[in-house]
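One structure is given here, and the rest of the page talks about it.
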Amino acid sequence: MRESSLSRRSAFLSTIDPAQRRKVEAAQVYFLDYYVDHLTYIANRRMRLENFKTAMRSVQVSAQEVQQSWQNHQLNETNILRRRRSRTREREFDILAQIGQGGFGQVFLARKRDTGEVCALKKMEKQLLVKLNEVQHILTERDILRTSRSEWLVKLLYAFQDQQHLYLAMEFVPGGDIRSLLIHSELFRHPVARFYIAEAILAVSALHSFGYFHRDLKPENFLVDATGHVKLTDFGLSHGHLNRPTLEAMRRKLDRVKDKEFVMQSSSEKRSLSKYAAGRLADQASRAFSIVGSPDYMAPEILYTSLAADRHKEPKASSTSSNDNRSSQYSGTSDPLADAHLGYDFRVDFWSLGCILYEFYASYSPFTGPTADDVWRNVYHWEEVLQRPDFASKEAEDNLTPEAWDLIASLVCHRDIRLSSLSEIAKHSYFRGMDMLHLRETQIPPFVPALQSDADNRHFDDFSDPASMAQYRDVQNKWKDLDNLSTQHPGGADIDPAAFLGFTYCHNRQHRFM
């Protein structure tokens, strides 16, 4: 009976607007947290009182000493109650360094004064989030961070807000990201690629187990922790559907580029366009401000859905894939939009993982191009564009094993035949001899960061170094534009307080303030 009731509730929630659904779920979580927290506090307060009485009975003290001890006990209870009622504020954190800068805010390495916790503090302007229709994405990120309980996912420590800003204080993962390791290595040797893609798959599977899919996977979303293992982060585009302005932007972009002639490029040409070239770093940072960004790792069904909208077309004869005819025999159409009305689901994440694995070996993503428009067009025509990379040396050629290429082709393919579960992927010959369910216990990471302290940020960009920040020049210009946008309506006068309902969170409240 209970399972039937939960199924009906889940079915109902899936039919309503995502923003309304989140309010329903946030209200439920709020009241559950409130009563668990309050009842736990009452029980602990009674226990402290009993412990006080027992302590007073066990020693011979004067009435004056008992009175003094009782006053101290009451003062302690008052302090606990005061801390329970206090809100987390920015001033409770000492800012140590800036370690990131994105489209909607900055990320700082910070230490919370009362607990000593080191965290990555993400600060975002409410006004910008509202103007750019990104409120729902930020709330989704907060919900996933709050809900997840996995060693493979970055954890949320605190979420709080003031009149102008939202703050997410997350665990600090000090080893940098996989993108940085790729930049340093150019490409991964087979054992290294195998290790990181296995852990990436486990991290994505952990996210799926909580009922979410990421939808925006790329190498920089995978961080390396202090032990050398991977954690997944950046959940802003996870789950649900893209908001209407984003869909419209994608539709306009695809309408503009999809029918233009595209030029097939050689592996060496693609490698020269690689994101590892210094000139591309600024471009990648700049893309963080795009309403959609680059679709280098985005599954084609997301693009097709955004372009097709409600347009349905009759199936036509299939085209021939340049890399593997199994893709075309399942697509059933030469028109990519023919089944776009079917939408997309968690399988889009496995496409992205295939693109990431390709880049591990080739040093460039499979659909890279000189411009973002070229990348969009390449993904749109992916069956004609995808091909096994060529290499300048036999060593690099042999590094991409037949098993590795087969796994890539089993992920970067039509969704109906795409490997789309941990159990399926773990059985692939690429992972023969690897215990994927116990990687943290059985595998030695290829890179373990050497750290001098819990606040060591050497594996992140130095935002105080003008030379290092030259690559962020375009980003800084974008920030000036965003500042102009936010000052058009200063003071947050147009912000609905209910828009950020249920945002506040404290990860250890029940242990500290009981």
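Scanning segment 361-407 for residues that are out of contact with any helix residue (DSSP H, G or I) (no Cβ under 8 Å at 6 or more places or on another chain), among the charged types (D, E, K, R) and free of Cβ contacts under 8 Å to residues at least 60 places away in the same chain yields K394, E395, E397, D398.
Note on segment 136-158: among residues that are buried (at least 21 other Cβ atoms within 10 Å of the Cβ) and more than 14 Å from the chain's Cα centre (by Cα), the one that is nearest to E441 (Cα to Cα) is L157. Applying the condition of being acidic (D, E) and part of a helix (DSSP H, G or I) to segment 410-453 and asking which residue is farthest from R388 (Cα to Cα) yields E441. The condition of being at pLDDT 85 or above and within 41 Å of the chain's Cα centre (by Cα) holds for only one of T78, T40, T15, that being T78. Looking across segment 438-448, just one residue is among the aliphatic types (A, V, I, L, M) and surrounded by fewer than 12 Cβ atoms within 10 Å (Cβ to Cβ), and that is I444. Within the span defined as segment 354-366, every residue fails to be farther than 17 Å from M298 by Cβ and modelled with pLDDT under 90. Applying the criterion of being of a type in the set (S, T, Y) and either within 10 Å of the chain's Cα centre (by Cα) or over 29 Å from E395 (Cα atoms) (or both) to the residues of segment 189-221, the residue that is modelled with the highest pLDDT is S205.
The values are calculated or read from the model by the stated rules, or taken from the named source; none is laboratory data. Only a predicted model underlies this, so the values are computations on that prediction, with no experimental measurement involved. Please note: Cβ atoms are built from the backbone with ideal geometry, for glycine as well, and neighbour counts cover all protein chains shown.
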